[in-house]
Amino acid sequence: MLFSITHSLYHALMALGSLVCHQAPERSPHLWHVQIPLCWRCSGILFGSLALVASTIVCRRLPPLRLSLAFALLMPLDVVGAIFGLWKGLNAARFITGTLWGVFGTSAILQLALRPKRNEPAPPNRPLELESQTSLPPFTPSN
């Protein structure tokens, strides 16, 4: 019965992964000879996006937009170079460029999406406001 449940769960995860990933076996990580639902590049994108969320929570700011755009361009450059035979696509390079895209591509997309419109004033350059900065009066117990 446990095998049936894990088998069904694996196929559900593979079906979910197939919505966003080609899942080519030669370009996908394997764990104990079982293919993971995302290829190396998509795994890197997921890992990088999760790393961006964690770093944004800790640092309360996104990386600068220009830096994000520069690093985000490395993944498409890797893809184009491999397509035109300029270099052989390696799984390690796919994971690294996917991770960079996950961090910096996601950051650039968020910053461009959250950018004020032309007629709106630009917000001040400060850390993201994730919590209210208002302070409460000190607590004084009444007897």
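The values are calculated or read from the model by the stated rules, or taken from the named source; none is laboratory data. Here the structure is a predicted model, which means the values were calculated and not measured. Neighbour counts run over all protein chains shown; Cβ positions are idealised from the backbone, glycine included.
Considering only residues that are touching a helix residue (DSSP H, G or I) at 6+ places or on another chain (Cβ under 6 Å) and either more than 13 Å from Thr99 (Cα to Cα) or surrounded by 17 or more Cβ atoms within 10 Å (Cβ to Cβ) (or both), which ones fall in segment 38-48?
Taking segment 38-48 and keeping what is touching a helix residue (DSSP H, G or I) at 6+ places or on another chain (Cβ under 6 Å), we get 38-41, 44-45, 47-48.
Listed by number, the residues that qualify are Leu38, Cys39, Trp40, Arg41, Gly44, Ile45, Gly48.
Here's a check for you: in segment 62-115, which residue that is surrounded by 14 or more Cβ atoms within 10 Å (Cβ to Cβ) and charged (D, E, K, R) is nearest to the chain's Cα centre (by Cα)?
Residue satisfying both the conditions and the ranking: Arg94.
Residues to consider are Gln23, Gln35; find the one that is on the phi > 0 side of the Ramachandran plot, among the polar types (S, T, N, Q) and touching a helix residue (DSSP H, G or I) at 6+ places or on another chain (Cβ under 9 Å).
Sole residue among the options that is on the phi > 0 side of the Ramachandran plot, among the polar types (S, T, N, Q) and touching a helix residue (DSSP H, G or I) at 6+ places or on another chain (Cβ under 9 Å): Gln23.
Tell me, which helices (runs of 4 or more DSSP H) lie completely within segment 13-105 with 1 or more residues that are in contact (Cβ under 8 Å) with a residue 40 or more places away in the chain?
Answer list for segment 13-105: 40-59, 65-72, 91-100.
Could you please find all residues in segment 12-58 being under 20 Å from Val79 (Cα atoms) and more than 17 Å from the chain's Cα centre (by Cα)?
If the condition is that a residue be under 20 Å from Val79 (Cα atoms) and more than 17 Å from the chain's Cα centre (by Cα), then Ser18, His22, Gln23, Ala24, Pro25, Glu26, Arg27, Ser28, Pro29 are the ones that fit.
What about Arg66, is it within 22 Å of Leu114 (Cβ to Cβ) and touching an Asp or Glu at 6+ places or on another chain (Cβ under 9 Å)?
No, not satisfied.
Out of (1) of a type in the set (A, V, I, L, M); (2) in contact (Cβ under 8 Å) with a residue 12 or more places away in the chain; (3) in a helix (DSSP H, G or I), what's the single condition that is false for Ala113?
Here Ala113 meets the rest and fails (2).
Check off (1) more than 21 Å from Ser28 (Cβ to Cβ); (2) at pLDDT 95 or above; (3) not aromatic (Phe, Trp, Tyr) for Leu112 and give me the number that stays unchecked.
In the conditions (1) more than 21 Å from Ser28 (Cβ to Cβ); (2) at pLDDT 95 or above; (3) not aromatic (Phe, Trp, Tyr), Leu112 misses (2) alone.
What about Thr56, is it exposed (fewer than 14 other Cβ atoms within 10 Å of the Cβ) and among the hydroxyl-bearing types (Ser, Thr, Tyr)? Before you say what the answer is, go through the steps one by one.
Working: exposed (fewer than 14 other Cβ atoms within 10 Å of the Cβ): no; among the hydroxyl-bearing types (Ser, Thr, Tyr): yes.
Judged against the criteria, Thr56 is not a match.
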